[in-house]
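Structure first, commentary second.
The values are calculated or read from the model by the stated rules, or taken from the named source; none is laboratory data. What you are looking at is a predicted structure, and each value in this text was computed from that prediction instead of being measured. Here Cβ is always computed from backbone atoms with ideal geometry, including for glycine, and neighbour counts include all displayed protein chains.
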C-alpha cells in the first residue's frame, strides 16, 4: 500500500472530511435524516403512492426521484455507511423502521403528491419517539 497525503488524494478522489463522522445508532441516523430535510425546509418532495396497498415485494422496490428517501441517499455519509439506494425497502432497512413508520413519513395518503421537506423531517422525528411496546408491535404486524 502506498502512503499518500491528503492533497494527493484530493487530486484523484472526492474526499469528504465529514465522512469519518459515524452515524452509529438508529436515533443518530434518523436525526441526521431530519436535519438533511430541514436544510431546505420548503423543498417539495415526491410522496410515494399507496405504500400500504402494495404487495411487500413491490413496496420494497418502490422509489420516486426527489422523495424524502432521495434526500437521505444524496448524503455521502449515509452512502458510505451502507445506504445502497433510495428505495422504500432500503430506507426501511437502513433506518430500522417498520412499514407503518416509513409509510407515515413518505406515503402520499397523508399529504398528496408532494410533501414539504420540513413536514417530512417532523415525521422522521416522530418515528424516533414512537414507543416500541406491544401495541406498536401489534400495529406493525397486522397493518400490512
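Looking at residue 107 and the list (1) within 15 Å of residue 27 (Cα to Cα); (2) surrounded by 19 or more Cβ atoms within 10 Å (Cβ to Cβ), which single condition is not satisfied?
For residue 107, the failing item is (1).
Out of 63, 43, I need the residue that is closer than 17 Å to residue 92 by Cβ and either touching a helix residue (DSSP H, G or I) at 6+ places or on another chain (Cβ under 9 Å) or in contact (Cβ under 8 Å) with a residue 60 or more places away in the chain (or both). Which one?
63
Among the numbered criteria (1) within 15 Å of residue 97 (Cα to Cα); (2) at pLDDT 95 or above, which one does residue 43 miss?
Looking at each condition in turn, residue 43 falls short on (1).
Does residue 87 meet the test of being at pLDDT below 95 and touching a helix residue (DSSP H, G or I) at 6+ places or on another chain (Cβ under 6 Å)?
In short, no.
Considering only residues that are outside any loop (DSSP other than H, G, I, E, B) and out of contact with any helix residue (DSSP H, G or I) (no Cβ under 6 Å at 6 or more places or on another chain), look in segment 46-60 and name the one that is nearest to residue 114 (Cα to Cα).
Selected residue: 46.
When residue 97 is evaluated against the numbered criteria (1) more than 19 Å from residue 129 (Cα to Cα); (2) touching a helix residue (DSSP H, G or I) at 6+ places or on another chain (Cβ under 8 Å); (3) at pLDDT 95 or above; (4) assigned to a loop (DSSP other than H, G, I, E, B), which criterion, by number, is the only one it fails?
Failed condition: (1).
Checking residue 70 against (1) closer than 17 Å to residue 120 by Cα; (2) in contact with a helix residue (DSSP H, G or I) (Cβ under 6 Å, 6 or more places away or on another chain); (3) assigned to a helix (DSSP H, G or I), which test does it fail?
Unmet for residue 70, out of (1) closer than 17 Å to residue 120 by Cα; (2) in contact with a helix residue (DSSP H, G or I) (Cβ under 6 Å, 6 or more places away or on another chain); (3) assigned to a helix (DSSP H, G or I): (2).
Consider residue 76 carefully, then state whether it is surrounded by fewer than 18 Cβ atoms within 10 Å (Cβ to Cβ) and either at pLDDT 95 or above or in contact with a strand residue (DSSP E or B) (Cβ under 6 Å, 6 or more places away or on another chain) (or both).
Spelling it out, residue 76 is indeed surrounded by fewer than 18 Cβ atoms within 10 Å (Cβ to Cβ) and either at pLDDT 95 or above or in contact with a strand residue (DSSP E or B) (Cβ under 6 Å, 6 or more places away or on another chain) (or both).
Determine which single condition residue 113 fails, assuming it passes every other condition in (1) touching a residue at least 60 places away in the same chain (Cβ under 8 Å); (2) within 12 Å of the chain's Cα centre (by Cα); (3) surrounded by fewer than 19 Cβ atoms within 10 Å (Cβ to Cβ).
All conditions pass for residue 113, except number (2).
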